[in-house]
Amino acid sequence: MVSCRSLLLLLLSVCSLTAPLLALPFEQRGFWDFAMDGEVGDLKTVMMRDEEGSAMEELPPDVFLCPFGCQCQLSLIAVPKEIPKDTKLLDLQNNRITELKENDFKGLTNLYALSLVNNMISKVHPRTFTPLLHLKKLYFSRNLLTVVPKNLPPSLVELRIHENRIKKVAEGTFSGLGSMNCIEMGGNPIQNSGFEPGAFKGLKLNYLRVSESKLTGIPKDLPDSLHELHLDNNQIQAIELEDLSRYKHLYRLGLGFNHIRMIENGSLSYIPNLRELHLENNRLTRIPMGLADMKYLQVVYLHSNNISRVDVNDFCPRGFGMKRSFYNGISLYGNPVNYWEVQPATFRCVGDRLAIHFGNYKK
């Protein structure tokens, strides 16, 4: 086995005949996505060379073509041995790995990003990640995990673990992860009771997504540092007065595709810095109260509800100059509202009339 020392990327992979798309919001189209933030610098590359060096016949563009002069393994069932110690990016997605053992990543102290997406991993040794002293990004989606792996590297900044089988996040699961900025854990069958008190203790997250799960309300004990919270595609039925009181720093809140019928008056006052609010595809019968008092709100998705009336002060404050940012998007289509009955002054704080979307309602 000879290393291609002149190349820049480690590919041990992960080479399936087609490249399936990952779950939203993260869509990894290629291995280069790891390096798009520009933090890695020079990347270490190792490939296995074909000793005969024979050329490969031309194949259709949708069929994977292994780079000339190298061999690519299909359908790995375990983490490969003897991975070069100076490897920074390791892509093992789209294989059949079922378990991560204690020494699978031994010596890989320089590893920056690790993708294990779309395998069959159900078991992770408690010391698997101990050697990964500089790991920043861990992509663990589309596996068979029932719990978040223990002892994640303290250096970790981003964890993508959606579409597993996680039902519980225990107290202290993320302890010691003070650098963590982003967690994506949608597509897991977790209920509100699955988040134990203290599960997120110590985290200073900016971004959290728990979409496509089994939540019936907004979780109470998420990090108060959040700028983005996405709870779309759950079973949330109402927003009560203090549900959002902990999340004063939110810029973006996603609650679309739930069962929300009621938003208690005053509940939105706890998130005064909000820029974007998603409430589409719910069961609202009126515009939520409090939108007019949100000085920085720019985008509101209210389409596909049961809203039948829009009043003149639903979106804009009564006083001139009270709103700091004009709306650049209000979606109201798919509601039983007669748009010709809505007074033009209703949208006096909208920057462009094209930003308002009505119509297309079918019973």
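The values are calculated or read from the model by the stated rules, or taken from the named source; none is laboratory data. Quick caveat, the model's predicted, so the values are computed rather than measured. Cβ placement follows ideal geometry from the backbone for every residue including glycine, while neighbour counts extend to all protein chains displayed. Accessible surface areas use protein heavy atoms only, side chains included; no ligands, DNA or RNA. Shrake-Rupley method; radii C 1.70, N 1.55, O 1.52, S 1.80 Å.
What is the distance in Å between the Cα centroid of the stretch 144-192 and that of the stretch 245-284? Here the answer is 24 Å between Cα centres. This model, with +1 at the C-beta of Lys and Arg and -1 at the C-beta of Asp and Glu, gives the stretch 209-268 a dipole about its Cα centre of some 80 debye.
Think of a 1.4 Å ball rolled over the protein heavy atoms: the stretch 223-352 then has 47 Å² of accessible area per residue.
Of the peptides 167-175, 135-143, the ranking by mean beta-carbon count within 10 Å, highest at the top, reads 135-143, 167-175.
I'd like the accessible area for Asp221, computed on protein heavy atoms only with a 1.4 Å probe and all protein chains in place. Round to 10 Å², please. Counting only protein heavy atoms, Asp221 exposes about 60 Å² to solvent.
Semi-axis lengths, largest first, of the ellipsoid equivalent to the stretch 112-156 are 18, 13, 8 Å, with √(5λ) applied to each eigenvalue of the Cα gyration tensor. Among the protein heavy atoms, those of Lys101 account for about 110 Å² of accessible surface (1.4 Å probe, every chain in place).
For the stretch 257-287, the residues whose amide N sits under 17 Å from a probe point set 7 Å from the Cα of Leu241 along the beta carbon direction are 262-271. If R0 equals 45 Å, the separation of the Cβ atoms of Glu99 and Glu264 corresponds to a calculated FRET efficiency of about 0.45. Could you tell me which of rounded, prolate or oblate describes the stretch 243-363, using a ≥ b ≥ c as the square roots of the eigenvalues of the alpha-carbon gyration tensor, with rounded for a/c under 1.5 and, failing that, prolate when a/b is larger than b/c and oblate otherwise? Verdict is oblate for the stretch 243-363. Return the distance in nm (one decimal) between the two label points of a simple spin-label model at Asn151 and Lys295, each offset 7 Å from Cα along Cα→Cβ. Here the modelled spin labels are 5.0 nm apart. Between Asp86 and Asn273, the FRET efficiency from the beta-carbon distance, with R0 = 35 Å, is close to 0.20. The packing ranking, built from the mean of other Cβ atoms within 10 Å per residue, places the peptides 103-109, 206-212 in the order 206-212, 103-109, highest first. Across the cross-link table entries Lys81/Lys137; Lys123/Lys220; Lys123/Lys248; Lys101/Lys204; Lys106/Lys214; Lys85/Lys137, which are compared at the Cα atoms, the separations over 28 Å belong to Lys123/Lys220; Lys123/Lys248; Lys101/Lys204; Lys106/Lys214.
Projecting label points 7 angstrom from Cα along Cα→Cβ for Ala170 and Gln343 puts them 5.9 nm apart.
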